[in-house]
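Laboratory data are not the source of any read-out in this text; all were calculated from the coordinates shown. Keep in mind the model is a prediction, meaning the values are calculated, not measured. Glycine gets a Cβ as well: all are built from the backbone with ideal geometry, and neighbour counts include every protein chain shown.
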Amino acid sequence: VSDVFVFGAGQLGRCLARGLRAAGVAVTLRAARRGWPRRLAAPLVVLAVRDGQIAGQAAALATATRLGPGVAVVHCAGALGVEALAALVGRAALGKMHPLVSVAGRSPSALAGGWVGVAGDRLAVRRARGVARALGMRPVDVSGVDPLLYHAAAVMVAGGGAALVAGASTLLASAGVPREQATAMLAPLLASTAANIRRLGLPRALTGPLRRGDRATVAAHLEQLARHAPAAIPLYVALAQAQLVLGRQLGEASLDDYDHIGASLARAGPPRRGGRSRRRSP
Ligand SMILES: NC(=O)c1ccc[n+]([C@@H]2O[C@H](COP(=O)([O-])OP(=O)(O)OC[C@H]3O[C@@H](n4cnc5c(N)ncnc54)[C@H](OP(=O)(O)O)[C@@H]3O)[C@@H](O)[C@H]2O)c1
């Protein structure tokens, strides 16, 4: 694709525009608040507005703009299918192009190496794939993939990763580390986990006491959290339970160690639904 029209100058729209320009692609970036132009002939129109605006902006495009022949329109929402562009059926080739990366700030460096979920009409998919490759990204066919489950997974990692560091920063601050430094210290830690996952996959990328079956350390964490940071316990326990599943898959400690850790996490965690509370009485 030699010419791309990006509608929506938010985090993703600006980042796509920068990345494509750096790759030598001619880009028009238009803020959504300016509305659609009267004519549009770019071979690819990328709708980079918020999810709730996509159907309405597609309808506005259908009425406000004369689209040149052979135009493809894609949206960028992971949670929505191509039918969000229903107002444009018969007017353009339609598709979706969802970068599976976390885009904040203007640097397009976040894009390179990431995957882009693409689906829709053949022409739209072909152009979306071209854009992905120009950005150094890897297109993947997501037709037939449940968009909401797909997007829930993406949000668990992207927004969830940020929230995880926020929670851990609070804990580091309780431990006595200056707050500004706490977040800065945790970012490379998260990056090292991502690098291990990329290189080794799961469960091999798991590190820490849950891998080693170190029941004494987990028990000590739980006691100290109960004393000094009880608000952090639910998240710690939920994540430790998920780590325990990976630890058991690796099997580098005894079953007894894993079972013991599982029991102490169940005691510290929320009461089971429908069952009696397993919380220890104070
Ligand atoms: N950010 C990501 O990591 C990411 C990743 C994959 C997919 N997506 C998808 O990309 C699409 C756009 O997401 P985004 O993250 O770029 O959203 P965003 O930054 O909120 O920008 C989207 C639109 O919201 C408007 N906007 C920006 N700031 C606003 C504010 N403070 N109040 C009201 N409106 C505001 C912008 O209007 P103007 O155009 O008029 O400036 C822009 O068109 C969504 O469908 C999203 O699901 C995002």
- Query: All other residues with a Cβ under 15 Å from the Cβ of T63 taken together, and with Lys, Arg as +1 and Asp, Glu as -1, what is their net charge?
  - Reply: +4
- Item | Degrees separating the helix 122-134 axis from the principal Cα axis of the chain, which is the longest one | 60 degrees
- Here, T28 and V89, labelled 7 Å along Cα→Cβ, have an inter-label distance in nm of 2.8 nm
- Can you sort L172, L111, L149 by how many other beta carbons sit within 10 Å, fewest first? L149, L172, L111
- Message: Can you give me the distance in nm between label points at A173 and T63, each placed 7 Å from the Cα along the Cα-to-Cβ direction?
- Response: 4.8 nm
- Give the distance, in whole Å, between the Cα centre of the stretch 147-217 and the Cα centre of the stretch 71-128. 29 Å
- Dipole of the chain, positive end: most advanced residue of L265, A62, A238 [Cβ charges, Cα centre]: A62
- Place a point 7 Å from the Cα of S143 in the direction of its beta carbon; the residues of the stretch 63-94 whose amide N falls under 20 Å from it are 70-94
- Message: Given an 8 Å cut-off on Cα distances and at least 6 residues of separation, report the relative contact order of the stretch 101-217 as a percent.
- Response: 15 percent
- Extension gain (nm, one decimal) between T207 and R267, 0.36 nm per residue minus Cα-Cα: 19.3 nm
- Would you order V237, V45, V245 from fewest to most other beta-carbon atoms within 10 Å of each residue's own beta-carbon? V245, V237, V45
- Could you work out how far apart the two model spin labels at A55 and S102 are, taking each label as a point 7 Å from the Cα in the direction of the beta carbon, and quote it in nm? 3.0 nm
- Message: With the cut-off at 1.5 for a/c, could you classify the chain from its C-alpha gyration tensor as rounded, prolate or oblate?
- Response: prolate
- Message: Is there a quick way to get the dipole size of the chain? I mean about its Cα centre, with the Cβ of Lys and Arg at +1 and of Asp and Glu at -1; what is the value in debye to the nearest 20?
- Response: 640 debye
- Share of antiparallel DSSP beta bridges in the chain, in percent to the nearest 5? 20 percent
- For the stretch 1-131, the dipole about the Cα centre with charges only on Cβ (Lys and Arg +1, Asp and Glu -1), to the nearest 20 debye, works out at 400 debye
- Nearest-ten-degree value, helix 255-268 long axis tilted from longest Cα axis of the chain: 80 degrees
- Within-15-Å neighbourhood charge of D121 [Cβ basis; K, R +1; D, E -1]: +4
- Query: Which residue fluctuates the most in the chain, going by a Gaussian network model with Cα springs under 10 Å, if the choices are G113, G81, G208?
  - Reply: G208
- Item | Tensor-based shape of the stretch 134-179 (alpha-carbon gyration tensor, a/c under 1.5 rounded, otherwise prolate or oblate) | oblate
- Message: Quick check on the stretch 128-282: take the gyration tensor over C-alpha atoms, sort the square-rooted eigenvalues as a ≥ b ≥ c, and tell me if it's rounded (a/c under 1.5), prolate or oblate.
- Response: prolate
- Charge tally for neighbours of R215 with beta carbon under 11 Å away, counting Lys, Arg as +1 and Asp, Glu as -1, is -3
